[in-house]
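I have placed the structure first, in the form of structure tokens, so that the comments after it can refer back to it.
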Amino acid sequence: TSLYGRELETLRGAVLDDPLRAIQSLPSATATDDFYSEFAVRGNPFRYVGLVVDGVPTRYLMHSVNGISDGGSIAMINSETLGSVSLLPGSYPQRTGRQMGAEVALTTRDGSRDGFHGRAGLSGTSAAFLGEGRIAGGKGSWLASVRRSYLDYLIKRIDPEAGFAFGFVDAQAKLVYDLNPQHQVSVTTLLGRAVFDEGDPDIDANEIRTGINRAWLATLSWRYLPSPRFAITQRV
């Protein structure tokens, strides 16, 4: 099952800009905690679900801090940079790793080739800016996005004595260039950082006072298209 365009924007959630929230609404997927992006597919927990970005298997690209009881998580990718999100619950080709559970495939889109476009947006937890345009007279395109949460600032303003603070920042960039009508190269970079600060000096010895989570992914892709019916793609 795949989601595109407006379907993805509608189901991702108004409070949290999270493409994995859209997956939770699909058949065979079950989510039990509104604060976490994780979900189960056909009874298999999220740790058995494989995550693939542009055909490259990735690790746990999530803004989250392990080891705390009242936490949450959000995918480390802006929904507006995606062309599609697909859920393969079972019996799918094992091209991108041998996972026991389902597979979630995220496909990033190319930037616009008809001129510069930029937009900013606010969700219930973060602010984001996205820009895109063409390069080399339309032979290529670029796309860049930056997102910063302000949830930690809201918590401090609402309850200064709470101490609990969780904030994140992530960025994405994609560059596509057509060498000729048959050959195309592209570079995609995704990185993020999340910080958790308990803020309470009277915590137990086995509790986390400060936690930092960093992750990044960079891919290089080459596509050869000798005819409209045959294509070869190599990714690193």
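The values are calculated or read from the model by the stated rules, or taken from the named source; none is laboratory data. Model, not experiment: these values are computed from the prediction. When we count neighbours, we look across all protein chains shown, and the Cβ atoms used for this are built from the backbone with ideal geometry, even at glycine. Surface areas here come from the heavy atoms of the whole protein model, side chains and all, with no ligands, DNA or RNA. Shrake-Rupley method; radii C 1.70, N 1.55, O 1.52, S 1.80 Å.
For this structure, a couple of remarks:
- Filtering segment 117-135 to residues that are open to solvent by 40 Å² or more (accessible area, probe 1.4 Å) and at pLDDT below 90 leaves only Leu122.
- Residue count for segment 65-86, restricted to those that are crowded, with 16+ Cβ neighbours inside 10 Å and either among the hydrophobic types (A, V, I, L, M, F, W, C) or touching a Phe, Trp or Tyr at 6+ places or on another chain (Cβ under 8 Å) (or both): 11
- Of all residues making up segment 73-122, the number that are in contact with a Pro (Cβ under 7 Å, 6 or more places away or on another chain), of a type in the set (A, V, I, L, M, F, W, C) and farther than 20 Å from Thr189 by Cβ: 1
Conditions tested, residue by residue: (1) surrounded by 14 or more Cβ atoms within 10 Å (Cβ to Cβ); (2) under 23 Å from Arg95 (Cα atoms); (3) free of Cβ contacts under 8 Å to residues at least 12 places away in the same chain.
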position: Ala22; (1), (2), (3): yes, no, no
position: Thr32; (1), (2), (3): no, no, yes
position: Phe39; (1), (2), (3): yes, yes, no
position: Pro57; (1), (2), (3): yes, yes, no
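- Matching residues in segment 19-28 - criterion: being at pLDDT 85 or above and either within 20 Å of Val65 (Cβ to Cβ) or within 18 Å of the chain's Cα centre (by Cα) (or both): Pro19, Leu20, Arg21, Ala22, Ile23, Gln24, Leu26
- Selection within segment 71-126 - among the hydrophobic types (A, V, I, L, M, F, W, C) and within 22 Å of Asp17 (Cβ to Cβ): Ile74, Ala75, Met76, Ile77, Leu82, Val85, Leu87, Val104, Ala105, Leu106, Ala120, Leu122
- Looking only at residues in segment 169-185 that are in a strand (DSSP E or B) and farther than 21 Å from Ala215 by Cβ, the one that is most open to solvent (accessible area, probe 1.4 Å) is Tyr177.
- In segment 75-89, the residue that is nearest to Phe39 (Cα to Cα) out of those that are of a type in the set (Ser, Thr, Tyr) and out of contact with any helix residue (DSSP H, G or I) (no Cβ under 6 Å at 6 or more places or on another chain) is Ser86.
- Filtered residues of segment 37-72 (kept if within 21 Å of Thr108 (Cα to Cα) and among the polar types (S, T, N, Q)): Ser37, Thr58
- Candidate set: segment 136-164, residues that are of a type in the set (Phe, Trp, Tyr) and within 22 Å of Arg209 (Cβ to Cβ); chosen: the one least open to solvent (accessible area, probe 1.4 Å): Phe164
- Qualifying positions in segment 183-213 - aliphatic (A, V, I, L, M) and more than 25 Å from the chain's Cα centre (by Cα): Ile203, Ala205, Ile208
- Qualifying residue in segment 141-153 (condition: over 17 Å from the mean Cα position of the chain (by Cα) and under 27 Å from Pro57 (Cα atoms)): yes
- Any hit, segment 62-70, residues being modelled with pLDDT of 85 or more and not hydrophobic (A, V, I, L, M, F, W, C): yes
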